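Undergrad: For reference, the structure I am asking about is given below.
The values are calculated or read from the model by the stated rules, or taken from the named source; none is laboratory data. None of these values were measured; they are calculated from a predicted model. Cβ placement follows ideal geometry from the backbone for every residue including glycine, while neighbour counts extend to all protein chains displayed. These area figures cover heavy atoms from the full protein model, side chains too; ligands, DNA and RNA do not enter into them. Shrake-Rupley method; radii C 1.70, N 1.55, O 1.52, S 1.80 Å.
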Amino acid sequence: MKSYFSTNRVLAWTIASVAVVTIFFACKKEVTTDTAPNNQPDNNTIAAAQHEAAASAMYSGLFETVAEVAVTQGLFTARKAGVNNVLPNTVTTSCPVAELLDATNPDQWPKKVLIDFGESCLDRYGVHRSGKLNVTFSGPLFDPASTITVEPADYKLNGKSIEGLFKISGVSYSPTAGIQYTTELTGGKVVLNDTVVINYTSKRTVKQTAGFDPVTPLLNPSDDVYAVEGNAGISYEKGPVTGVTATFITQEPLVKVYDCGHFVKGKLKVEFDKVTGVVDYGNGKCTDPVTITVGDKTKQISL
């Protein structure tokens, strides 16, 4: 079953981010480097923090896409897959195109979906996506026992390619606790430019903290708030330092709201080549800059 769906609607409750949904696409400043040798490790750590924000943004948008597919293809509950399970008020557009590859038996799982963005598909955050995503649902999205895997195929965001295996698991919903889920990325790779190529891994949990829908999920995301915790790591195939992994651990939960394309609050601890720092996402406003502090150096990223 083919369908056209909009990433501009129902599921902006996602992890953006939910790990920083658009930092990579909105950062206007470059890292200010210092040629003094004793300052280079600090500068490298600041650069790593910016690169992690970019990579996080690129992968985190996959959950929103998968959830939209689950809605349009009838894969979000235990009801029959491919049988008129679309939520009310769902809006369709010309891209991307989602095709349920095995719709002949609604009771049979797993289900495979091919999502095709064509040569350029503009999403709700102003990002041009291209290529394909191969998605496999072991069961309905809102079954905590299900695992959803996403494998990019020549998939790019604003011309930057990503690879790897992105898993979504433990997706649950209740009227009092909202939506919760876990994401894990293995074998991630991001080509930011000719001189920066990142290997990326992450594991994070996402919990809704406000805007619970009392009847069913996905109906009214405009007041949704999510908290994200977990860890990530990057190493460089090409970049400032090879052979060393930068690690990122949540110090304070990262907060995502519906009407902002990136985190608005929360902190990450970064450690890279024996240098530590803190990434601070602000005080709750979408206009707050992200501040990276390493030793006596502070770098602000305008979002």
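Undergrad: What is the spread of the Cα atoms of the stretch 251-303 along each of their three principal axes, largest first, in whole Å?
TA: Taking the Cα atoms of the stretch 251-303, the three principal extents are 37, 19, 14 Å.
Undergrad: What does the convex hull of the alpha-carbon atoms of the stretch 160-241 project to on average, in nm²?
TA: Taking a quarter of the hull surface, the average projection is 6.6 nm².
Undergrad: Right, another one. With all protein chains present, how much of the accessible area of the stretch 147-257 (probe radius 1.4 Å) comes from carbon and sulfur, to the nearest whole percent?
TA: The C+S portion of the solvent-accessible surface of the stretch 147-257 is 49 percent.
Undergrad: Hey, what do the phi angles of the stretch 202-217 turn into as Karplus ³J(HN,Hα) couplings, whole Hz, using 6.51/-1.76/1.60 and θ = phi - 60°, x for Gly and Pro?
TA: 7, 8, 9, 10, 10, 10, 6, 10, 7, x, 4, 7, x, 10, 8, x
Undergrad: Let me ask something else about it. Could you work out how much longer the chain between D107 and E252 gets when fully extended? Use 0.36 nm per residue separation minus the Cα distance between them, nm to one decimal.
TA: Gain on stretching D107 to E252: 48.0 nm.
Undergrad: Another question, then. Leaving out ligands and nucleic acids, note down the accessible area per residue over the stretch 128-240 with a 1.4 angstrom probe, in whole Å².
TA: Solvent-accessible surface per residue comes out at 41 Å².
Undergrad: Determine the gain in length on full extension of the stretch V215-V244; use 0.36 nm per residue of separation and subtract their C-alpha separation, reporting nm with one decimal.
TA: Difference between extended and current length: 5.6 nm.
Undergrad: Under 15 Å from the Cβ of G211, count the other residues' Cβ atoms, weight Lys and Arg +1, Asp and Glu -1, and hand me the total.
TA: Computed value for this residue: -2.
Undergrad: Once you have the Cα-Cα distance between T276 and E163, take 0.36 nm times their residue separation minus that, and quote the gain in nm to one decimal.
TA: Working it through step by step, the gained length comes to 37.9 nm.
Undergrad: Okay, moving on. With a Förster radius of 30 Å, plug the Cβ-Cβ distance of T176 and T136 into 1/(1 + (r/R0)^6) and report the FRET value to the nearest 0.05.
TA: According to the calculation, E is roughly 0.45.
Undergrad: Going by amide H atoms built from the backbone, whose H comes under 5 Å of the H on V290, apart from near neighbours?
TA: I301, L303
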